[in-house]
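Have a look at the structure below before the remarks.
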Amino acid sequence: MGKTNKPNWKTYRDIGIQELKLSKYLLACKSFKSALNNPPSNVIEKYFIQVFLARTYYLMSCQKNAVKILKELFTYSRGIWELANHLSYKIDFGNIYYLNESLIIFTKHIKEDKNLLKKEKVDFLIELFWLMGFLNRKLENYEESIINFSWSLFLLKQHPRSYHQLQEDYLGFLYADRSIAYYLGGNIKEAFSDINKSIENNSFCYRAYIHAGLIYQEYCNFNMAISMFEKAIDESSEIYEPYITDISRLYINKCFAEFKIGNIENAINDFYIGFSKDKKFINRNQDIIKLIPESLKNIIRIKFQISFK
């Protein structure tokens, strides 16, 4: 007899997704649990299976189990943020939409759940609205994104963090994140207002300077853009360990701005710094890399033995 291959996590996940679509919740739950019993080595895949399992629990009216999984993804590993960033850089809008819809369901439940302690509920909602603001921004739902970020800011101001520096951190990064939603939605005045509020709350918020640089660059003020990007580099090296996606976005945009004003050597060095810090630098930044001329790419290829494929 031939050898029978044992189903792996991917098989169980795919079966679970089909069962979930058919509203066969008990079977879907069993399949997702089987997938997690022998989980994928890629943690992003594991996080997404957990989101599927949480949603299945919710639809089975096992809200307690659903919220428990979601809380773990937010608080212990920050896995749900890693998942959201991964989907955004894959430009996987289908699953970004699915994740956002799942969070909407959980948000409604938590707001209505009288069993959650008030502080725990507020802390969780701040995170949920923040993440939905990010996801809606990626989906180009800018008005909804601004509403999400605004709710997160409102709750944070009503219920400040216990440590002053932590409150400043939250406010600084939340205002910075809302600023880019305002900008992409066409409201430049409010975008710069939020950047200023971000810096007022936390002058070390490197993301505010990145976003200011992106706006100046869009309006072809490359010298001001470079100034803002350099400020972001200074602040991130002083206080924070920036997200790899922020580092990637920072250095590719500084590279482009330096190139546009003729600082070729600086552009080449910025490209290499970004590439050395982020293994997926080229894949993440295809939209800007397409704008870099082949002559500059050839210099980078020869000098650093970098392939653009």
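The values are calculated or read from the model by the stated rules, or taken from the named source; none is laboratory data. Source: prediction; values computed, not measured. When we count neighbours, we look across all protein chains shown, and the Cβ atoms used for this are built from the backbone with ideal geometry, even at glycine.
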request  = Kindly provide the set of residues from segment 236-266 that are farther than 18 Å from I289 by Cβ and surrounded by 21 or more Cβ atoms within 10 Å (Cβ to Cβ), ordered by number.
outcome  = S236
inquiry  = Condition (residue is in contact with a Leu (Cβ under 6 Å, 6 or more places away or on another chain) and modelled with pLDDT under 95) applied to segment 186-199: is it met by at least one residue?
reply    = no
key: Any hit, segment 122-134, residues being surrounded by 17 or more Cβ atoms within 10 Å (Cβ to Cβ), in contact (Cβ under 8 Å) with a residue 40 or more places away in the chain, more than 25 Å from D246 (Cβ to Cβ) and not small (G, A, S)   = no
task = Within segment 159-172, identify whether any single residue is at pLDDT 90 or above, buried (at least 18 other Cβ atoms within 10 Å of the Cβ) and over 13 Å from I126 (Cβ atoms), and answer yes or no.
result = yes
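Take segment 247-265 and flag every residue that is among the polar types (S, T, N, Q) and more than 18 Å from S236 (Cβ to Cβ). I'd like the intermediate steps shown before the answer.
Start the filter on segment 247-265 by keeping residues that are among the polar types (S, T, N, Q), which leaves 248, 253, 263.
Within segment 247-265, N263 is the sole residue that qualifies.
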message = Quick check on L156: is it hydrophobic (A, V, I, L, M, F, W, C), closer than 20 Å to R207 by Cα and either in contact (Cβ under 8 Å) with a residue 60 or more places away in the chain or out of contact with any Lys or Arg (no Cβ under 8 Å at 6 or more places or on another chain) (or both)?
response = yes
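How many residues does segment 285-304 contain that are in a helix (DSSP H, G or I) and either closer than 19 Å to A225 by Cβ or of a type in the set (V, I, T) (or both)?
The number of residues fulfilling the criteria is 7.
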task = Look through segment 95-115, keep the residues that are more than 17 Å from F134 (Cβ to Cβ) and without any contact (Cβ under 8 Å) to a residue 40 or more places away in the chain, and return whichever of them is surrounded by the fewest Cβ atoms within 10 Å (Cβ to Cβ).
result = K114
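Every residue, every condition in (1) within 13 Å of the chain's Cα centre (by Cα); (2) touching a residue at least 24 places away in the same chain (Cβ under 8 Å); (3) assigned to a helix (DSSP H, G or I), yes or no:
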{"position": "R137", "(1), (2), (3)": "yes, yes, yes"}
{"position": "S152", "(1), (2), (3)": "no, yes, yes"}
{"position": "R161", "(1), (2), (3)": "no, no, no"}
{"position": "E168", "(1), (2), (3)": "no, yes, yes"}
{"position": "F173", "(1), (2), (3)": "yes, yes, yes"}
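How about segment 30-96: which helices (runs of 4 or more DSSP H) wholly inside it have at least 1 residues that are more than 21 Å from the chain's Cα centre (by Cα)? Walk me through it before giving the result.
Details: elements: 43-59, 63-75, 79-89.
Qualifying helices (runs of 4 or more DSSP H): 43-59, 63-75.
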key: Residues that are modelled with pLDDT of 90 or more and over 20 Å from G213 (Cβ atoms), drawn from segment 256-281   = S276
